[in-house]
1. So which of A:ASN31, A:ASN71 ends up being within 13 Å of chain B (Cβ to nearest Cβ), closer than 30 Å to B:ALA88 by Cα and surrounded by 15 or more Cβ atoms within 10 Å (Cβ to Cβ)?
2. Looking at (1) open to solvent by 30 Å² or more (accessible area, probe 1.4 Å); (2) outside any strand (DSSP E or B), which is the only condition B:GLU44 fails?
3. If you check A:VAL55, A:VAL84, which single one turns out to be loosely packed, with under 14 Cβ neighbours inside 10 Å, away from chain B (no Cβ under 14 Å) and in contact with a Ser or Thr (Cβ under 9 Å, 6 or more places away or on another chain)?
4. Just checking, how many residues over segment B:75-108 are in a loop (DSSP other than H, G, I, E, B) and at pLDDT below 95?
5. So B:THR20 fits all but one of (1) surrounded by 21 or more Cβ atoms within 10 Å (Cβ to Cβ); (2) modelled with pLDDT of 95 or more; what number is the exception?
6. Restricting attention to segment B:62-85, does a residue exist that is exposed (fewer than 14 other Cβ atoms within 10 Å of the Cβ), more than 11 Å from the chain's Cα centre (by Cα), without any contact (Cβ under 8 Å) to a residue 40 or more places away in the chain and closer than 22 Å to A:LYS36 by Cβ?
7. Just checking, which of B:LEU112, B:LEU55 is under 26 Å from A:VAL44 (Cβ atoms), within 9 Å of chain A (Cβ to nearest Cβ) and among the hydrophobic types (A, V, I, L, M, F, W, C)?
8. Say we look at segment B:86-109 and pick out the residues that are polar (S, T, N, Q) and within 20 Å of A:HIS42 (Cβ to Cβ); which of these is most open to solvent (accessible area, probe 1.4 Å)?
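The values are calculated or read from the model by the stated rules, or taken from the named source; none is laboratory data. From a predicted model like this one, the values you see are computed outputs, not experimental measurements. Virtual Cβ from ideal backbone geometry, glycine too; neighbours counted across all protein chains shown. Please note that ligands, DNA and RNA were not included when accessible areas were found on the heavy atoms of the full protein model with its side chains. Shrake-Rupley method; radii C 1.70, N 1.55, O 1.52, S 1.80 Å.
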Amino acid sequence: GQQVMQIPQYQHVQEGEDFTTYCNSSTTLSNIQWYKQRPGGHPVFLIQLVKSGEVKKQKRLTFQFGEAKKNSSLHITATQTTDVGTYFCAGPPGFGNEKLTFGTGTRLTIIP
Amino acid sequence: DARVTQTPRDKVTEMGQEVTMRCQPILGHNTVFWYRQTMMQGLELLAYFRNRAPLDDSGMPKDRFSAEMPDATLATLKIQPSEPRDSAVYFCASGLSSWGDTEAFFGQGTRLTVV
């Protein structure tokens with residue numbers, strides 16, 4: 001079945017440093033979604049990318065979808081304490097297939 | 001403020017007991033997902049429905065788990081009999097699916113502890 005892996009599993013950064021998490025799927029995705037889960041909370045949708053090679057920005061967050069639509073990345077510039085949490089990528093394996101499989105997640109902690 | 005509602009929020013039960021978790025999806029959403037989250041396995045997709053029809057429950061242990069949508073406002077996940085290894089946070093999520101681009105809105109989750 002479809003597997004979605006993320007690296008790194010954990011990342012500790014000093015406040016103000018940059019952070020990147022990478023997502024790789026074993027199958028081509030029709031789209032890639034990113035979610036953030038705060039400690040003790042539930043996953044919250046951040047963004048969706050659909051097109052091959054697409055890049056989207058949300059303030060300090062930059063999301064990329066790979067050309068082959070099998071990988072993606074999330075980059076945070078100048079991290080803040082509010083960025084703490086686990087970041088998940090997720091994607092359905094094919095057009096018209098809603099089976100939303102989540103990646104393994106990257107837990108980000110910030111050292112003030 | 002539309003949101004997915006899950007009950008109960010916390011459940012402690014003894015091994016062998018039946019557990020029922022309920023989810024009220026956002027009104028108008030046609031896709032419902034059940035996920036289980038543990039430290040070891042992350043977010044596992046157990047089952048999902050579209051327009052109340054089960055499309056995939058391959059992630060669910062069939063011998064003890066069952067998922068249903070009696071109507072458009074209620075999804076249930078049952079475990080019978082429960083076992084300690086079922087201890088986890090169970091999330092329900094709903095979305096408005098259009099050609100597979102479903103943004104999932106998650107409920108607060110049910111934290112299940114089986115002793």
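1. Numbers: A:ASN71 fails: within 13 Å of chain B (Cβ to nearest Cβ).
That would be A:ASN31, the only listed residue that is within 13 Å of chain B (Cβ to nearest Cβ), closer than 30 Å to B:ALA88 by Cα and surrounded by 15 or more Cβ atoms within 10 Å (Cβ to Cβ).
2. (2)
3. Numbers: A:VAL84 fails: loosely packed, with under 14 Cβ neighbours inside 10 Å.
The conditions single out A:VAL55.
4. Restricting attention to segment B:75-108, the residues satisfying the condition of being in a loop (DSSP other than H, G, I, E, B) are B:80-83, B:87, B:96-104, B:107-108.
Retained after the next criterion (residues that are at pLDDT below 95): B:96-104.
Matching residues across segment B:75-108 total 9.
5. (1)
6. For segment B:62-85, residues exposed (fewer than 14 other Cβ atoms within 10 Å of the Cβ), more than 11 Å from the chain's Cα centre (by Cα), without any contact (Cβ under 8 Å) to a residue 40 or more places away in the chain and closer than 22 Å to A:LYS36 by Cβ: absent.
7. Details: B:LEU112 fails: within 9 Å of chain A (Cβ to nearest Cβ).
Just one listed residue meets the conditions, B:LEU55.
8. Taking segment B:86-109 and keeping what is polar (S, T, N, Q), we get B:87, B:94, B:97-98, B:102, B:108.
Checking the rest, the ones that are also within 20 Å of A:HIS42 (Cβ to Cβ) come to B:87, B:94, B:97, B:102, B:108.
Values: B:SER87: 41, B:SER94: 0, B:SER97: 9, B:THR102: 3, B:GLN108: 84 Å².
Going through the qualifying residues, I end up with B:GLN108.
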